[in-house]
1. Just give me the residues in the stretch 61-74 being within 22 Å of residue 222 (Cβ to Cβ) and either within 24 Å of the chain's Cα centre (by Cα) or free of Cβ contacts under 8 Å to residues at least 40 places away in the same chain (or both), in sequence order.
2. Is it the case that residue 320 is within 25 Å of residue 261 (Cα to Cα) and loosely packed, with under 14 Cβ neighbours inside 10 Å?
3. Out of 168, 204, 162, I need the residue that is in the same structural domain as residue 59 (by TED's automatic domain parsing), crowded, with 21+ Cβ neighbours inside 10 Å and modelled with pLDDT of 95 or more. Which one?
4. Is it true that residue 282 is under 26 Å from the mean Cα position of the chain (by Cα), modelled with pLDDT under 95, more than 30 Å from residue 119 (Cβ to Cβ) and outside the structural domain of residue 87 (by TED's automatic domain parsing)?
5. I'm checking my understanding of the structure. Among residues of the stretch 251-270 that are in a loop (DSSP other than H, G, I, E, B) and under 24 Å from the mean Cα position of the chain (by Cα), which one is farthest from residue 79 (Cα to Cα)?
6. For the stretch 1-33, give me each residue that is without any contact (Cβ under 8 Å) to a residue 24 or more places away in the chain and part of a helix (DSSP H, G or I).
7. What's the number of the condition residue 36 fails, among (1) under 22 Å from the mean Cα position of the chain (by Cα); (2) assigned to a loop (DSSP other than H, G, I, E, B); (3) farther than 30 Å from residue 239 by Cβ?
8. What pairs come up if the first residue lies in the stretch 294-308 and is without any contact (Cβ under 8 Å) to a residue 40 or more places away in the chain, the second is assigned to a helix (DSSP H, G or I), and their beta carbons are under 7 Å apart, counting only those six or more places apart or on different chains?
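The values are calculated or read from the model by the stated rules, or taken from the named source; none is laboratory data. These numbers were taken from a predicted model, which means no experiment stands behind them. Cβ atoms come from the backbone with ideal geometry, glycine included; neighbour counts cover every protein chain shown.
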């Protein structure tokens, strides 16, 4: 499958050469399988995303003082390339795992559907033109010059999906836009009034390496998408606590129960641990996350702080495919891309083991088909 996908990309992006593409497409990037979802499940996901957007709006009114403590300005734009990650529960309904304002694979996901000659069942109207329009809308909202973009990350050429940065660069240039791919250490080289697609995962720009980027952002010399404000309103794990506790907006049915480990009774949480999943309030990609059923007492003691939450455990759904003529069981989750309150595309991540690490034979990113 890799070889076929590489040939497809070479035909679609002739500026790339085959050795380069062979190096940038990992062996387990794509799964040969597809995940079936019903029309009603897709509609439910769409409705849930709209409901989380209402909670975001609730946050703009009710959490302003907390955001101001971060000493970061509030921009006018939103977040390009964000996702809602779900499991499908035993009852067939989606369960929210996390919201990610910095999600990868949106551009490559469109290429995956096109490569497989499958419709984008999440949103048939969303294509590469709509993708570039999203960025242009973000640029318009942020009132940048509208002609220049920078893509920024830490060591971008070493990122597993560096290829996607190159695809964005190609798409932008076809629209007559100038695009640079920069390391976070090169922030000071960004020109004034430039729009930045920010893939760096220091979400609140607190690290020393983000100092220059933070200053440029706070002085309105550059605009970021995604930006710290959107992360605060949607992806900071503390919002899961706030949303469970507020009563102004109906909670989405996919929102799981969450405990603040800095405030809960330690022995109660220990007794409930097998039904919980422990994770930092500010994290991504499963970093420092622990399944309660296997957590040691020593690790448990270390996470009982204000920096961690415990979320009701949602088991990844299982599915069996014939791989090399052998029935093989896999797990999967759903990455549901959205801009503001609109679902753009759904892809699955198929894997074995504990995490979606893109290292499973037969696993990887997968398209969605109608059940």
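1. Within the stretch 61-74, 67, 68, 70, 72, 73, 74 qualify.
2. In short, no.
3. 168
4. Here the answer is yes, as residue 282 does meet what is asked.
5. The selected residue is 257.
6. Result: 3, 6, 7, 10, 11, 18, 19, 20, 22, 23.
7. Here residue 36 clears every test but (2).
8. Filtered contacts from the stretch 294-308: 295/273; 300/270; 300/273.
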